[in-house]
Amino acid sequence: MASIAIFAMRFLEILFFVGLAGATIVVLISFIEDAKELFGED
């Protein structure tokens with residue numbers, strides 16, 4: 001039973017960090033797009 005709980009915790013940690021990395025990438029992309037729009041580099 002304990003091993004299942006440990007596995008679930010590890011799995012949730014991995015999902016959390018994958019989600020964090022994905023959110024960071026989205027923020028960076030939107031920042032780059034906004035910077036292009038601000039400085040008028042079409």
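With the other protein chains left in place, how much accessible area per residue, in square angstrom, belongs to the chain at a 1.4 angstrom probe?
That works out to 97 Å² per residue.
Under the rule of -39500 (n - 2.57) per DSSP H run of 4 or more residues, summed and divided by the residues of the chain, what mean residue ellipticity at 222 nm is obtained, to the nearest 500 deg cm²/dmol?
So the helix-based figure for the chain works out to -33500 deg cm²/dmol.
Set Lys and Arg Cβ to +1 and Asp and Glu Cβ to -1, take the dipole of the chain about its Cα centre, and tell me which of V26, A8, F39 lies farthest positive.
A8
The values are calculated or read from the model by the stated rules, or taken from the named source; none is laboratory data. These numbers come from a predicted model, not from an experiment. Methodologically, a virtual Cβ is constructed for each residue, glycine included, from the backbone with ideal geometry; neighbour enumeration extends over all protein chains shown. Please note that ligands, DNA and RNA were not included when accessible areas were found on the heavy atoms of the full protein model with its side chains. Shrake-Rupley method; radii C 1.70, N 1.55, O 1.52, S 1.80 Å.
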